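The values are calculated or read from the model by the stated rules, or taken from the named source; none is laboratory data. Not measured: the values here are computed from a predicted model. With ideal geometry, Cβ positions are generated from the backbone for all residues, glycine too; neighbour counts draw on all protein chains shown. The area values use the complete protein model at the heavy-atom level, side chains included, leaving out ligands, DNA and RNA. Shrake-Rupley method; radii C 1.70, N 1.55, O 1.52, S 1.80 Å.
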Amino acid sequence: MNIIGDIGKLLAGQKKATAAISDGLAELRMRRLRLLDERDELASRPVPKDEALAALDRDIDELIAIAMRETNVRSLTRAEAPAWTIPQNGVLMGLLIGASRATFRDQLAAMLEPAYSNEAKPISAEEREAALHRIDEDLLDLELAEEAAIRSAEAVGLHVQRRADADPRAVLAGDDALS
């Protein structure tokens, strides 16, 4: 009878160990999902309004400059049949925008306003890059911890399913990189 009791204790211990490993992996995976959500939120935050307006000014000026450069008015100076042909490929649009640049710019600037509601938390490109880098490092650390847990489980004979989207850097990492 003692052997049966010992086997029962071993099986109960194995069930507890399996549950602990499963719970630990589930927690690591939930933390990963939270970091991915944080990353998505951060990546979708707008740049500061002054940066957006500076980009708008830069792009309008570039469009106008291209239109001016690509417009041929020499045909109007011909002695015989002076004429002007409507430019193709958006050049006419650039000329029209140039004729009323301030109005066009104000119209587009007003369209930016909803992106800067009270809920929006603008972030500069440098701040975004640094924050995304930190999150990416944290994600890799979690991936490495998850892989270490999976290998530990496999070492004691438990099979654990890896995520299909597991980071290859973690899955292919040497054991020394997982500690």
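For I4 and R151, the FRET efficiency from 1/(1 + (r/R0)^6), where r spans their Cβ atoms and R0 equals 45 Å, is about 0.85.
Putting +1 on Lys and Arg Cβ atoms and -1 on Asp and Glu Cβ atoms, find which of P114, A79, L35 reaches farthest to the positive end of the dipole of the chain. Highest projection toward the positive end goes to A79. The share of accessible area on segment 47-122 that comes from carbon and sulfur is 58 percent, using a 1.4 angstrom probe. Note on A120 and R169: with the Förster distance fixed at 25 Å, the Cβ-Cβ geometry gives a FRET efficiency of about 0.15.
Return the FRET efficiency for the residue pair L112, E41: r is the Cβ-Cβ distance, R0 is 22 Å, and the value is rounded to the nearest 0.05. After rounding, the FRET efficiency stands at 0.65. Full extension of the chain between Q14 and R101 gives 23.9 nm of extra length, using 0.36 nm per residue less the Cα-Cα distance. Based on the alpha-carbon gyration tensor of the chain and its eigenvalue square roots a ≥ b ≥ c, which shape applies: rounded if a/c is under 1.5, prolate if not and a/b is larger than b/c, or oblate? Here the chain falls in the prolate category. A 1.4 Å probe run over the chain, with the rest of the protein chains in place, finds 70 Å² accessible per residue.
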